[in-house]
Amino acid sequence: MTNHLTKNILISSIDWAYDKAVNGGPLLDSAQEIAQTYLSGVGTLHEKTNSLIRWQNTKAGTSGFLSGLGGLITMPVTIPANLASVIYVQLRMIAAIAYMGGHDLRNDQVRTLCYACLTGNAMAEIIKEVGIRIGQKLTVQTIKNISRATIVEINKKVGFRLLTKFGEKGIVNLGKAIPLIGGIIGGGIDLITTNTIGNIARDTFIGVSD
């Protein structure tokens with residue numbers, strides 16, 4: 001099915017997953033709810049964020065966690081259910097980290113940067129290509145100043161990057177998944193890649209250190 005994956009289908013899938021991550025659903029905590037749980041913990045903001053990333057790495061790689069995603073397999077667009085789950089889990093982590101950094105998840109600029117984080121190490125190049133300068137982190141004001149034209153350009157670049165990862169080499173680069181058996185996802189997400197994405201989201205929305 002990934003042979004027929006197009007940029008438009010992929011972006012539509014990411015849009016859907018992001019809305020699901022922000023709004024939550026039955027038995028699915030929203031990104032904000034997850035963020036609040038970690039914000040109420042002890043330690044610095046940086047340490048709390050690292051705890052969230054560690055939780056994502058240890059829990060999200062289990063078949064039990066993924067099987068609990070339930071309705072994720074019924075997406076409004078044509079995309080493999082295992083790919084949908086990978087996108088959703090990683091995007092919800094990114095959004096939770098952005099929220100912990102004080103960013104509005106319904107802001108178009110924040111949304112676009114969350115998408116960019118999905119590309120992993122390619123994000124730095126994408127941001128540089130559109131002329132955004134990053135210091136230690138993207139401040140709320142810097143994000144607000146990103147123009148509509150720049151948002152469109154970032155989304156375009158993100159779409160092509162992710163299509164390359166998913167379309168040409170399957171979903172191995174962004175997340176590993178095994179075919180569905182009886183509606184339950186067997187196997188886990190690529191933890192190394194998920195950890196990398198979490199660290200990039202942290203450095204983008206929280207900063208390198210407190």
Of all residues in segment 31-62, count the ones that are in contact (Cβ under 8 Å) with a residue 24 or more places away in the chain and part of a loop (DSSP other than H, G, I, E, B).
-> 4
Qualifying residue in segment 119-129 (condition: outside any helix (DSSP H, G or I), modelled with pLDDT of 85 or more and not small (G, A, S)) = yes
Subset of segment 24-45, residues modelled with pLDDT under 90, within 18 Å of the chain's Cα centre (by Cα) and not aliphatic (A, V, I, L, M), comes to G24, G25, D29
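The values are calculated or read from the model by the stated rules, or taken from the named source; none is laboratory data. Only a predicted model underlies this, so the values are computations on that prediction, with no experimental measurement involved. Every residue, glycine as well, gets a Cβ built from its backbone with ideal geometry; the counts of neighbours run over all protein chains shown.
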